[in-house]
Amino acid sequence: MFEEIWLNLVSSQKIREDWIIRQPAKPSVSMIATLSLIVASLLISSALGWYQVQLDLKKWPLDLIEPMQHLVRDYGPDTKIYNELNDGGFLIFYAPKWRVFQDDRCEIHAFRDGMNDGSWITKNRNLEMNAPDQLLLELQNQGIKIAITPKDSPLGKLLQSTSPTIKPAFSGNTHAIWIINPTL
């Protein structure tokens, strides 16, 4: 019954007349000019960087970008790095191959390395603020090789005053990159 209705519907002359393929209208000169202007403005804005947000020099270690990228090449993607920046997105953008120990991706690497509860994040945050010397031991035990810290943070101040075994790889205006375990 449904097949019969379908065949009658498809074969009806009225429907076949409505399905006639029409020729598309040719684009007008004004339409081509408008589309060309839009494409050109998008290309120019992306080439000149008008879409980029300017980062605050006091909050973000922009002067560490180049040394950080050199360290990525020197140490490789399996190097664990401790990130004391407020947001891991900075490192994700400028050093995407690094295994960052604590940032937006920390849960991925923590669970992969066998730490099955999230309590270590809270523990590290408390150590970072109240007992940076214990945090440093914890980082060394975890095999962290590199740390990025603000110079005025408790851990940053501790690293500035430690023995020569922990040396700064690069010191910028507001942040520093430290080699925690140079022999690993």
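The values are calculated or read from the model by the stated rules, or taken from the named source; none is laboratory data. None of these values were measured; they are calculated from a predicted model. Neighbour counts run over all protein chains shown; Cβ positions are idealised from the backbone, glycine included.
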Filtering strands (runs of 3 or more DSSP E) wholly in the stretch 105-184 for at least 1 residues that are at pLDDT below 85 and over 21 Å from the mean Cα position of the chain (by Cα) gives 167-171
How many residues are assigned to a helix (DSSP H, G or I) and either of a type in the set (F, W, Y) or surrounded by fewer than 19 Cβ atoms within 10 Å (Cβ to Cβ) (or both) if we restrict to the stretch 58-93? 14
